[in-house]
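Everything on this sheet refers to the single structure shown next.
Just so it is clear, none of the values below were taken in a lab; they were calculated from the coordinates. In this text, all values refer to a predicted model and were calculated from it rather than measured experimentally. So basically every Cβ, Gly included, is an ideal-geometry build from the backbone, and we count neighbours across all protein chains shown.
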Amino acid sequence: MLTKFNLANFHGFGNTMVSRISNLKFSKMETAATHTNNQLLGSEIFENFKQAFIGDLITSDHSDYDQQRQLWNGMIDKKPQLIAQCYGVSDVIRTVNFARDNNLLVAVRGGGHNVAGNAMNDDGIVIDLSQMRAVLVNPNQKTAIVQGGAIWRDVDRETQVFSLACAGGVVSDTGVGGLTLGGGLSWFRRKAGMSIDNLVRAQVVLADGSCVSASAEENQDLFWAIRGGGGNFGIVTSFEFNLYDLGPEVMFAACMYPRSAAQKVMDFWVEFTRDLPDEMTTDCLHWSIPEHEAFPKELHGKPVTALAGMYFGSPEEGRKALQPLREVAEPLLDLSNVYPYAAVNQMFDAFLVKGTLNSYWKSLYVDDLSDDLIKLILDKVNNSPSPQSLLSIRNLQGALSRVGASETAFGDRSGRFLVSIDTMWTDQDDDANNIQWTREFFSELHKHSGGQVYFNFNSDMSGSDNLAEDSYGSNYQKLVEIKTKYDPENFFRLNANIKPRS
Ligand SMILES: Cc1cc2nc3c(=O)[nH]c(=O)nc-3n(C[C@H](O)[C@H](O)[C@H](O)COP(=O)(O)OP(=O)(O)OC[C@H]3O[C@@H](n4cnc5c(N)ncnc54)[C@H](O)[C@@H]3O)c2cc1C
């Protein structure tokens with residue numbers, strides 16, 4: 001794959017959601033192909049496009065078609081007319097122009113991880129960035145330019161050579177594109193804020209086929225909007241990030257307690273996170289130990305409540321600072337240790353393999369974990385229909401919440417915790433049961449929250465008309481204005497859609 005990067009085009013700046021769940025009230029509005037043009041593929045227009053396109057054009061008769069339309073969420077089974085695997089910015093521009101001129105529904109694919117499945121569509125065209133994965137680090141300036149289809153493993157590999165790190169994802173094949181545009185929560189989010197808070201500049205291909213730069217100096221409105229506004233405004237062909245001195249080794253805590261100790265563990269963690277230094281980022285996770293060779297066989301399937309966290313700083317200081325997470329009760333398994341930073345971001349990879357799990361996720365910010373909310377969470381996780389599911393609670397605040405709600409499109413950051421119901425299972429016969437369970441859990445969780453969701457952990461982002469409005473709060477009207485300016489026809493609509501003024 002690496003050999004296919006087209007560095008010549010790398011600017012250094014100077015449907016239906018699967019039919020089997022359609023009866024569960026998924027809105028077809030945004031997923032159905034409203035611009036199908038079945039005659040197009042054999043036409044002269046298409047042949048001309050093909051001549052000029054450098055990358056691979058994958059149609060349903062291509063031997064790789066099924067492999068290339070597979071997204072991370074195993075439940076997504078969409079069949080586009082064409083997957084245009086771009087090798088550079090010129091391919092992206094050509095494809096945008098081709099799709100717009102021929103009225104094709106467009107999906108944009110970065111790392112393909114988003115559980116909502118908007119990186120594919122039925123009968124439309126997919127602008128696939130997965131071959132645009134170059135990362136160029138400037139160790140003196142401590143910045144990196146990252147192509148729009150890179151995954152976080154690419155970034156860690158190139159930055160860690162210089163003991164530098166970018167605030168990105170904790171599963172290494174997650175895409176830089178979708179994660180960043182939706183916010184971006186890393187293992188040092190309390191020190192560095194979100195990924196968007198470290199974005200210096202982006203190169204964006206707009207719906208009219210023009211290519212612009214967005215930063216604090218140029219197209220400031222677009223720069224504001226892409227920091228949290230998702231893929232609504234254009235295709236980001238490259239991101240420039242500020243980097244941090246970190247690694248190669250860090251202290252990481254991963255202590256798994258039996259579920260019987262969950263109440264004690266959560267009570268402890270709520271107090272522990274009340275006044276932490278920014279260097280400490282921690283999560284509380286309810287999970288079952290996977291049936292995987294990485295774990296002792298006798299522990300397979302055991303329900304656990306785990307405390308995990310990373311220390312931003314020296315491993316020695318980190319060992320002391322994170323020690324209390326390991327002493328709450330008698331652990332079933334304690335994997336805490338000093339690890340290479342890049343390995344920390346690969347720790348979950350083996351259990352979250354692309355295409356292997358059907359997934360339906362929902363998340364909400366909460367200001368506190370009250371006794372009632374802890375009771376709700378424990379009642380639910382103890383009666384989860386699937387052992388593969390993960391209930392993750394991320395402690396926020398720190399640098400992340402010191403960015404004002406109107407400074408970026410992302411909006412309010414005052415929530416102390418993000419609760420994410422990451423429901424995952426393997427058998428498609430269990431789809432309905434798991435989706436129903438997640439929705440019921442979410443509606444009860446909603447009573448404890450202001451209603452703001454994290455779009456990066458949300459399966460229904462195009463299923464509810466008011467979701468974007470509710471979540472962006474007072475930033476929503478400004479987002480509508482910017483959307484109307486940059487994408488008046490709503491060309492980029494397969495996302496947490498902000499509709500332009502008609
Ligand atoms: C296993 C797993 C682990 C995760 N871990 C984290 C984590 O640690 N932290 C976190 O914050 N989130 C995490 N996420 C959520 C993740 O941020 C979102 O799923 C995100 O949308 C993934 O981006 P992607 O490029 O891989 O997805 P895709 O599905 O390819 O893209 C999602 C959407 O983003 C837009 N998009 C993507 N790339 C571009 C681009 N270059 N230009 C314009 N639009 C683009 C498109 O609208 C697209 O539909 C995780 C998700 C999974 C499944």
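Placing unit charges on each Cβ (+1 for Lys and Arg, -1 for Asp and Glu) gives the range 249-457 a dipole about its Cα centre, and among Leu364, Gly309, Trp425 the Cα reaching farthest toward its positive end belongs to Leu364.
With kT/(6 pi eta Rh) evaluated at 37 °C and eta = 0.692 mPa s, and Rh the Kirkwood radius from Cα pairs, the range 249-457 diffuses with a coefficient of 184 µm²/s according to Stokes-Einstein.
Rg and Dmax over the alpha-carbon atoms of the range 30-167 stand at 16.6, 53 Å. A P(r) calculated from all alpha carbon pairs of the chain, with 10 Å bins opening at zero, reads 4, 20, 31, 27, 14, 3, 0 percent. Taken along the Cα-to-beta-carbon direction at a fixed 7 Å, the label points for Thr426 and Lys264 span 3.2 nm. Compare the Cα positions of Ile196, Phe162, Gln477 along the charge dipole of the chain (+1 at Cβ of Lys, Arg; -1 at Cβ of Asp, Glu; about the Cα centre) and return the one farthest towards the positive end. Farthest towards the positive pole: Gln477.
Placing dummy labels 7 Å off each Cα toward the beta-carbon, the span from Asp371 to Val353 is 4.5 nm. Using C-alpha pairs under 8 Å with a sequence gap of at least 6, the mean separation divided by the residue count of the range 249-457 gives a relative contact order of 26 percent. Pairs of Lys residues in the range 249-457 are counted when their Cα atoms are under 22 angstrom apart and they lie 8 or more places apart or on different chains; the count is 12. If only the Cβ of Lys and Arg carry +1 and only the Cβ of Asp and Glu carry -1, the dipole of the range 218-368 around its Cα centre is close to 580 debye.
The slack between Glu489 and Lys50, meaning 0.36 nm per residue of separation minus the straight C-alpha distance, is 155.5 nm. With a cut-off of 15 Å between beta carbons, the residues surrounding Arg94 carry a summed charge of -4, where Lys and Arg count +1 and Asp and Glu -1. When the Cα atoms of the range 170-300 are aligned to their principal axes, the ranges along those axes come out at 58, 35, 29 Å in descending order. Extension gain, Ser443 to Glu481, is 10.6 nm, computed as 0.36 nm per intervening residue step minus the present C-alpha separation. Summing charges over neighbours of Thr281, with a neighbour being any other residue whose Cβ is under 11 Å away from its Cβ, gives +1 when K and R count +1 and D and E count -1.
The trypsin sites (Lys or Arg not before Pro) of the range 361-454 that DSSP puts in a loop, and whose beta carbon has at most 14 other beta carbons within 10 Å, are Lys447. On the basis of the beta-carbon distance and an R0 of 45 Å, Asp61 and Val200 show a calculated FRET efficiency of 0.55. For the range 414-502, the alpha carbon convex hull comes to 120 Å³ per residue, rounded to a whole number.
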